[in-house]
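These notes are about the structure you will find just below.
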């Protein structure tokens, strides 16, 4: 049984789990990382990374047979024949949707850090103070100053490209050079910034190495080559993933053990000591159940999976799920709402082009409800935009435009006009009855109760979308775009793939699941540092905040361990 | 999630395309009329495949650059329809081919492949104008309500996809730059062709 004892266990190997593993291993703890899915070794297991369209039988399309395994994943639009191996088989991993919920998953080493959008924005006190100011849900137990040094710490290691703006509500960070705006993006920037006070357009801040530093090169990571084939895995290790960065950093300490096909059944709890003693795991392939022991457990399985595990961790002390004295476990599920904005075409800059397929576009930081001057009375909180497009139309424009024959064919070899989409991303409020539960009867193939998801967007989000559309269309029109069309197809909750909440942080054990150090109330040696911990949602992409909270929580845990306080 | 990358894949995801075009040996238009297949269709009948060949070659004819036939477009479509499309869409396209032949007979008194280039072009352009369009799609996401489109929209989509993602066109005609390196944000176009995506 000796081999089943570790100093620390990390559940999950995605963005949060990878960081927990790195930090724990570097601090000298023998660490076991449990990953539900198969192994994915950096570069070796990126089978499509260097393929051109014609190298693939169906040129990157998902066949009808293949699509049958992904009835939920394909709701996202992100799954193709070229990257389907990084998405979870929905038939083997069922859940119950009381309301439509698009649970987009990547059960494999590295999790969704392989396929993420890589946008990284710091939160500010506009976000951390929001619940308190609005009298909604509960207050965050932390403020920007608590997390600020940890943002810098994780940005430096991960490598974030971006431009400093000096905005207090979207703080600058440790940035590598930004990926520049092209002609049409620069045009939009000039027009919008000139005509709307307080609006800014900047290159998206993304986890790409535009100027790799020695500590990146040391791990074998290299500079971004602007191939824009990121979701197949990057052979240059140019974007941040667990596979390219945190797991190799953890492994080189000699302290890491990674176990794949490890379905976590529950976290084990000792009634006498009031501590977790380890984790029960079912091997996904052999069905054999194993217990691993450790004095420290980091739960980073991803928002919904983490809460599912806590709910299934039952004891006399916690008959309703580990850490659930408050009854808040499973509640306040959030996601960002998007798929809403405007699209237009521009007739100018016909003699201008670009070289390279840059992996990102522009970003418009939030500008509403920052203060009394920017208040919108129709809704609280705010939204930002990511540029979708901003390129010259390729040959595929010919599919829609009438035309056949020689001249038509030759014209499609040349780039078409410029296009621009502005895609809004809006904050979702924490609603107590947007919730998860376990089905009392139905179980998956490993005998775990199925997760039941019952959540949806509400009035505040819907009112916000009206403004998102109106503003997007106005900005494009002001900048001279033609044929401006607004769009609004919200899809299911979950399709933002920014699930947050369900084990929120707070000051009071009566109203929260975690404290200000991501420590489970009542079980001091269990930490939750993935999206489950979030108390509100902001409107910016959350991953960099999970990274910072994870590194911060490990630091706290180690100090407490040294003081024998865990 | 990697939303942006899906932009360029949007048509791929919906209307994927097939095999390395260099693997096709192509087929021949005899006397600019009935094409003779030198491959065995899997989904279509030989007659349908011949008609399909004439249609795709009318959409993308050989000029100083290769046409649909030479880049294996019909053979690809035969394979892709079977693997990617649901039975309903498969039938819609099959019926569509038949409709084109009937239209040719009614309008010009002969089968489509026997029509002149002008006749074939005008017939397809007419269908193209009436076929409707797909809804706006960004990041692989359909962002407007879908309205049913005529079969010609699907067929044209497959034809263009097969052609422009073929190795001949991707490497030989468009500007192929698989590992671009630094991104140059603004560059004089100077009459150049598009980059291969």
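The values are calculated or read from the model by the stated rules, or taken from the named source; none is laboratory data. On a predicted model such as this, the values are computed, not experimentally measured, just so you know. Reconstructed Cβ throughout: ideal geometry from the backbone, glycine too, with neighbour counts over all protein chains shown.
Looking only at residues that are within 22 Å of the chain's Cα centre (by Cα) and part of a helix (DSSP H, G or I) in the stretch A:217-246, which one is farthest from the other protein chains (Cβ to nearest Cβ)? It comes out as A:246.
Of these, A:490, A:453, A:544, which one is farther than 17 Å from residue A:329 by Cβ, in contact (Cβ under 8 Å) with a residue 60 or more places away in the chain and either part of a helix (DSSP H, G or I) or away from every other protein chain (no Cβ under 14 Å) (or both)?
Details: A:490 fails: either part of a helix (DSSP H, G or I) or away from every other protein chain (no Cβ under 14 Å) (or both); A:453 fails: farther than 17 Å from residue A:329 by Cβ.
When all the criteria are applied, what remains is A:544.
Condition first: outside any strand (DSSP E or B) and either within 14 Å of chain B (Cβ to nearest Cβ) or within 23 Å of residue A:390 (Cβ to Cβ) (or both). Now tell me which residues in the stretch A:200-216 satisfy that. Within the stretch A:200-216, A:200, A:201, A:204, A:205, A:207, A:209, A:210, A:211, A:212 qualify.
Summed over the stretch A:342-367, the residues that are within 20 Å of residue A:197 (Cα to Cα) and in contact with a strand residue (DSSP E or B) (Cβ under 7 Å, 6 or more places away or on another chain) give a count of 5.
Among the residues in the stretch B:171-194, are any part of a helix (DSSP H, G or I) and either at the interface with chain A (Cβ under 10 Å from one of its Cβ atoms) or buried (at least 18 other Cβ atoms within 10 Å of the Cβ) (or both)?
The first filter runs over the stretch B:171-194 and keeps only residues part of a helix (DSSP H, G or I), leaving B:171-172.
Okay, now just the ones that are also either at the interface with chain A (Cβ under 10 Å from one of its Cβ atoms) or buried (at least 18 other Cβ atoms within 10 Å of the Cβ) (or both), so B:171.
Scanning the stretch B:171-194, I find at least one residue that is part of a helix (DSSP H, G or I) and either at the interface with chain A (Cβ under 10 Å from one of its Cβ atoms) or buried (at least 18 other Cβ atoms within 10 Å of the Cβ) (or both), so the answer is yes.
Within the stretch A:15-33, if we keep just the residues that are in contact with a strand residue (DSSP E or B) (Cβ under 7 Å, 6 or more places away or on another chain) and not in a helix (DSSP H, G or I), the residue that is surrounded by the most Cβ atoms within 10 Å (Cβ to Cβ) turns out to be A:33. Residue-level check: of (1) crowded, with 16+ Cβ neighbours inside 10 Å; (2) within 27 Å of the chain's Cα centre (by Cα); (3) in a loop (DSSP other than H, G, I, E, B), residue A:416 misses just (2).
For the stretch B:59-111, residues that are farther than 30 Å from residue A:413 by Cβ and surrounded by 20 or more Cβ atoms within 10 Å (Cβ to Cβ) total 0. Beta carbons closer than 9 Å, at least 6 apart along the sequence or on distinct chains, pair a first residue in the stretch A:192-210 that is at positive phi with a second that is part of a loop (DSSP other than H, G, I, E, B) and surrounded by 19 or more Cβ atoms within 10 Å (Cβ to Cβ) for A:198/A:367.
Is there a residue in the stretch A:177-199 that is in a loop (DSSP other than H, G, I, E, B), under 21 Å from the mean Cα position of the chain (by Cα) and within 14 Å of chain B (Cβ to nearest Cβ)?
If we filter the stretch A:177-199 for residues that are in a loop (DSSP other than H, G, I, E, B), which is where we start, we get A:177-182, A:196-199.
Next, from what is left, pick out any that are under 21 Å from the mean Cα position of the chain (by Cα): A:178-179.
Remaining after also requiring within 14 Å of chain B (Cβ to nearest Cβ): A:178-179.
The answer is yes; a qualifying residue exists.
I'm checking my understanding of the structure. Among residues of the stretch A:387-413 that are part of a strand (DSSP E or B) and closer than 30 Å to residue A:466 by Cβ, which one is nearest to the other protein chains (Cβ to nearest Cβ)?
Let us first name the residues in the stretch A:387-413 that are part of a strand (DSSP E or B), namely A:387-392.
Now narrow it down to the ones that are closer than 30 Å to residue A:466 by Cβ: A:387-391.
On the way: A:387: 9, A:388: 4, A:389: 6, A:390: 10, A:391: 8 Å.
Across the stretch A:387-413, the extreme among qualifying residues is A:388.
For (1) within 14 Å of chain B (Cβ to nearest Cβ); (2) outside any loop (DSSP other than H, G, I, E, B); (3) at pLDDT below 95, each residue gets a yes or a no:
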| site | (1), (2), (3) |
| --- | --- |
| A:42 | no, no, no |
| A:45 | no, no, no |
| A:51 | yes, no, no |
| A:58 | yes, no, no |
| A:69 | no, no, no |
| A:78 | yes, no, yes |
| A:94 | no, no, no |
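Scanning the stretch B:130-141 for residues that are at the interface with another protein chain (Cβ under 7 Å from one of its Cβ atoms), out of contact with any strand residue (DSSP E or B) (no Cβ under 8 Å at 6 or more places or on another chain) and within 16 Å of residue A:76 (Cα to Cα) yields a count of 2. Comparison of A:141, A:171, A:180 shows that the only residue that is touching a strand residue (DSSP E or B) at 6+ places or on another chain (Cβ under 6 Å), crowded, with 17+ Cβ neighbours inside 10 Å, modelled with pLDDT of 95 or more and within 16 Å of residue A:549 (Cβ to Cβ) is A:141. Are any residues in the stretch A:351-377 assigned to a loop (DSSP other than H, G, I, E, B) and within 8 Å of another protein chain (Cβ to nearest Cβ), and if so, which ones? Of everything in the stretch A:351-377, those that are assigned to a loop (DSSP other than H, G, I, E, B) and within 8 Å of another protein chain (Cβ to nearest Cβ) turn out to be A:351, A:356, A:357, A:358, A:359, A:360, A:361.
Determine whether the stretch A:378-386 contains at least one residue that is outside any loop (DSSP other than H, G, I, E, B), facing chain B (nearest Cβ under 9 Å), at pLDDT 95 or above and buried (at least 22 other Cβ atoms within 10 Å of the Cβ). Steps first, please.
So in the stretch A:378-386, the residues outside any loop (DSSP other than H, G, I, E, B) come out as A:383-386.
Keeping just the survivors that are facing chain B (nearest Cβ under 9 Å) gives A:386.
Checking which are at pLDDT 95 or above leaves us with A:386.
If we keep only those that are buried (at least 22 other Cβ atoms within 10 Å of the Cβ) as well, we get A:386.
Yes, the stretch A:378-386 has at least one match.
Within the stretch A:266-279, is there a residue that is touching a residue at least 60 places away in the same chain (Cβ under 8 Å), within 14 Å of chain B (Cβ to nearest Cβ), under 26 Å from residue A:104 (Cβ atoms) and touching a helix residue (DSSP H, G or I) at 6+ places or on another chain (Cβ under 7 Å)? Among the residues of the stretch A:266-279, not one is touching a residue at least 60 places away in the same chain (Cβ under 8 Å), within 14 Å of chain B (Cβ to nearest Cβ), under 26 Å from residue A:104 (Cβ atoms) and touching a helix residue (DSSP H, G or I) at 6+ places or on another chain (Cβ under 7 Å), which makes the answer no.
You will find that of A:124, A:113, the residue that is more than 21 Å from residue B:138 (Cβ to Cβ) and out of contact with any strand residue (DSSP E or B) (no Cβ under 8 Å at 6 or more places or on another chain) is A:113 and no other.
State whether one or more residues within the stretch A:309-319 are over 30 Å from residue A:138 (Cα atoms) and within 22 Å of the chain's Cα centre (by Cα). No.
Test of understanding: among B:127, B:123, which residue is more than 21 Å from residue B:162 (Cα to Cα), without any contact (Cβ under 8 Å) to a residue 60 or more places away in the chain, within 14 Å of chain A (Cβ to nearest Cβ) and within 17 Å of the chain's Cα centre (by Cα)? Before you say what the answer is, go through the steps one by one.
On the way: B:127 fails: more than 21 Å from residue B:162 (Cα to Cα).
Residue meeting the stated conditions: B:123.
Determine whether the stretch B:145-168 contains at least one residue that is within 8 Å of chain A (Cβ to nearest Cβ), under 16 Å from residue A:395 (Cα atoms), in contact with a strand residue (DSSP E or B) (Cβ under 9 Å, 6 or more places away or on another chain) and crowded, with 21+ Cβ neighbours inside 10 Å. No.
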